[in-house]
């Protein structure tokens, strides 16, 4: 028995199931799955450039006869949807499991997307574990189900399951030989005639799975003595219901899709009042109501945010929980760019220039917040470049002289390259600033193709961003240290005035890559300082302004010196 993170247990489950290939793109709350898989032997693991590629690699491994695992967060499933839907038609050879981690409450995402609808739309099974022990067991079962029914299988986690620790029973690795690969063009090639036949196979496969749901043993009814109230739930919601409402009967659905209608109807007949408790969308509730079963739930829980035991106790039992689900009195801790962050200088300049800034996904998104206020949009990975081009096409070329797209190095590789190709091909005048901090920062400093290292730290070919941009056809490509702030401002002014596209690569490593590196801190000379607030406007957490003074916290200062470069009074200097 081991105490395991839910994500760690998924990796262990895939390893015990004999999987030999695991792929992913980092994204909270799923990141630790592949990081833990990389620590296990007999397991090929990779950070792929994006989720679509990750799934395609896993599909290829499955086709070769291997058991393959692919992991991503919920918005990553959007990127991988194209191969996912066709893989559902194609089927598998070796077991293929896609783990997606949803983020109710939007802890680190741009929406609260409910991935259960992907499984339903693609007509593939989805399992939903409630704790770390089930993360391991359900992952192993997912591979079995995948091979039994010839389908990719999704395993859905949520943040509270992925990032919670629980006692988990581990086992030995199953020794599995590769399945034989046979050329089957009517199965593996999704051209029109073959795809029509495979759609029939998909529907028949789902009917067969529905018949076998009871035998799978992943759904279970738990009846409480004399209970008149029954609750249908799955995943993390099951834990909250058991804690908040211990005296009700529960139907725990380990299979989120397809639903076992017979079991649901039988459970409903054995209780007087039926509730459905689920986070986000009324996925189960709508299906239950469509069966003609009287039930409710969303009228109490709503479709936003996470559920908690205290919240359920109050909503269903009318008893406020002592540890209330909205915790008052805790000071707000808004996110902020780290002290020494190389992105800070870029956003400070853009804020001064009052440019329209099309942003992207990454820690640099924090440039949108006070005091920098230097971003106008942020939608999804890679969108900044296309949006900047579209804005210009709608409002005219002069707009490009007052706007830029910003995108991180990892995000550029993920899905920004095609946007830049579009800019060149369709003759936009977009200026793109690629913020190269030598890592994938927000998700925990994972390597990417621009770093020259694999997930296991092995040296590999390092993607040269500037040469790639030149090969795409960008006529003006420049590399600059963003802390050369005056040169950076001049460069942005020059490049945005040019006709045609241009790329500025701001290159400086993330301040957290080497946490042991410590430069001399900076301090403010109170005699010279006039409290103008210029240094405060860069938004460094080490700098604080009180009523009549500004101070630098030496413990937080990493010695980047950006504040000194913008101080017109030369009141800030290095402490030697």
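Here are some notes:
- Yes/no for residue 560 being assigned to a loop (DSSP other than H, G, I, E, B), in contact with a helix residue (DSSP H, G or I) (Cβ under 9 Å, 6 or more places away or on another chain) and either touching a residue at least 60 places away in the same chain (Cβ under 8 Å) or farther than 17 Å from residue 484 by Cα (or both): yes
The rows are residues; the columns are (1) in a helix (DSSP H, G or I); (2) at pLDDT below 95; (3) not assigned by TED's automatic domain parsing to the domain that holds residue 389.
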residue: 478; (1), (2), (3): no, no, no
residue: 492; (1), (2), (3): yes, no, no
residue: 499; (1), (2), (3): no, yes, no
residue: 503; (1), (2), (3): no, no, no
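- Residue within region 79-88 that is outside any helix (DSSP H, G or I), buried (at least 19 other Cβ atoms within 10 Å of the Cβ) and not assigned by TED's automatic domain parsing to the domain that holds residue 381 present: no
- Per the listing 137, 144, the residue uniquely part of a helix (DSSP H, G or I) and loosely packed, with under 15 Cβ neighbours inside 10 Å is 144.
- Residue ID - surrounded by the most Cβ atoms within 10 Å (Cβ to Cβ), chosen from residues in region 224-249 that are over 31 Å from the mean Cα position of the chain (by Cα) and within 22 Å of residue 291 (Cα to Cα): 230
- Taken over region 268-285, residues that are outside any loop (DSSP other than H, G, I, E, B) and farther than 24 Å from residue 227 by Cα amount to 1.
- Top-ranked residue in region 149-158 [being crowded, with 24+ Cβ neighbours inside 10 Å and not in a loop (DSSP other than H, G, I, E, B); ranked as farthest from the chain's Cα centre (by Cα)]: 153
- Cβ-Cβ under 7 Å pairs, at least 6 apart or on other chains, region 371-389 side in the same structural domain as residue 111 (by TED's automatic domain parsing) and more than 13 Å from residue 411 (Cα to Cα), far side buried (at least 23 other Cβ atoms within 10 Å of the Cβ) and at pLDDT below 90: none
- Residue under evaluation residue 304, criteria (1) touching a strand residue (DSSP E or B) at 6+ places or on another chain (Cβ under 6 Å); (2) assigned to a loop (DSSP other than H, G, I, E, B), criterion not met: (1)
- Count of residues meeting criterion [more than 17 Å from residue 349 (Cβ to Cβ), over 17 Å from the mean Cα position of the chain (by Cα) and touching a residue at least 60 places away in the same chain (Cβ under 8 Å)] in region 402-422: 1
- Test result for residue 264, farther than 20 Å from residue 228 by Cα and crowded, with 22+ Cβ neighbours inside 10 Å: no
- Only one of 450, 399 that is farther than 20 Å from residue 344 by Cβ and outside any loop (DSSP other than H, G, I, E, B): 399
- Looking only at region 411-437, and only at residues there that are in a loop (DSSP other than H, G, I, E, B) and in contact with a strand residue (DSSP E or B) (Cβ under 8 Å, 6 or more places away or on another chain), the one that is farthest from residue 505 (Cα to Cα): 430
- Among the conditions (1) surrounded by 20 or more Cβ atoms within 10 Å (Cβ to Cβ); (2) outside any loop (DSSP other than H, G, I, E, B); (3) touching a residue at least 40 places away in the same chain (Cβ under 8 Å), residue 3 misses just one, which is (1).
- Residue list for region 225-257, restricted to those being in a loop (DSSP other than H, G, I, E, B) and farther than 15 Å from residue 287 by Cβ: 225, 226, 227, 228, 245, 246, 247, 248, 254
The values are calculated or read from the model by the stated rules, or taken from the named source; none is laboratory data. None of these values were measured; they are calculated from a predicted model. Don't worry about glycine lacking a Cβ; one is built from the backbone with ideal geometry, like all the others, and counts go over all protein chains shown.
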